[in-house]
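The values are calculated or read from the model by the stated rules, or taken from the named source; none is laboratory data. Note that this is a predicted model, so its numbers are computed, not measured. Quick reminder, even Gly has a Cβ in these numbers, built from the backbone with ideal geometry, and neighbours come from all protein chains shown. For the accessible areas, the whole protein counts, side chains as well, though only heavy atoms, and no ligand, DNA or RNA atoms are used. Shrake-Rupley method; radii C 1.70, N 1.55, O 1.52, S 1.80 Å.
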Amino acid sequence: MKKVFSFLAGVFCSLFWNGCSDPTTAGIPAVTPFDIKAYAGRWYEIARMPNWFEKGMSNVCALYFLEPDGTVKVVNSGIKNGRPKKITGKAWFAIRPEVGELRVRFFFPFSGIYKVIKVDNAYTVAVVAGGDYSQLWILARTPDLPESELEKLLQWVSLLGFETQNLIFTEQKWQKKRE
């Protein structure tokens, strides 16, 4: 019980102080128009800003499922210390469904900002920001991106003010299943 309390206290403090110490991303607009049906499905994490909940993880990916009530089921998974890890959450639109800004919750009653700030026309590459400049994810529909495309994204997020030298490039070692 003590471990659960300590964990929840840490989550609360992290969410409470989030945005208090770092400049917020409020000035960065979310993608509009945004199509959640096109966004749904599997995304592989290409890079991320360091965070405690993904520390030491590889093969990180996220699955998004549109629910009948308009919310989004979020399943994040990865490998840590050779063991699979998975967490399921819920997201909902913060403004309107055509604006790519959502709130996401993995632990009641806490939620965070999930703002899609860039997505290509085919919905194959996306950049997501949290509530401040310490939160950023580069996602793709495939486990890797061509170096030239990644470099363009890095330059773009750097111009927005993100410190790209802090990014962690996610190790994606996927093995094909034997048939």
**Q.** Residue among PRO29, PRO50, PRO97, PRO68 that is under 12 Å from the mean Cα position of the chain (by Cα) and part of a loop (DSSP other than H, G, I, E, B)
**A.** PRO50
Q.
It is to be established whether one or more residues within segment 150-158 are of a type in the set (Val, Ile, Thr) and in a strand (DSSP E or B).
A. no
Q: Go through (1) within 20 Å of ARG42 (Cα to Cα); (2) among the polar types (S, T, N, Q); (3) in a strand (DSSP E or B) one by one and return the number of the condition SER111 breaks.
A: (1)
Q: Starting from residues that are open to solvent by 30 Å² or more (accessible area, probe 1.4 Å) and either of a type in the set (Gly, Ala, Ser) or touching a Pro at 6+ places or on another chain (Cβ under 8 Å) (or both), keep the ones in segment 78-110 and report whichever is modelled with the lowest pLDDT.
A: GLY82
Q) Out of segment 57-68, which residues are open to solvent by 70 Å² or more (accessible area, probe 1.4 Å) and farther than 17 Å from TYR39 by Cα? A) none
Q) Can you name the number of the only condition in (1) buried (at least 19 other Cβ atoms within 10 Å of the Cβ); (2) out of contact with any strand residue (DSSP E or B) (no Cβ under 9 Å at 6 or more places or on another chain) that GLY27 fails? A) (1)
Q: Output yes when any residue across segment 121-135 is under 18 Å from ALA38 (Cα atoms), modelled with pLDDT of 95 or more, open to solvent by 20 Å² or more (accessible area, probe 1.4 Å) and in a strand (DSSP E or B), and no when none is.
A: no
Q. Among the residues of segment 143-179 satisfying the criterion of being within 19 Å of ASN76 (Cα to Cα) and open to solvent by 70 Å² or more (accessible area, probe 1.4 Å), which is modelled with the lowest pLDDT?
A. GLN175
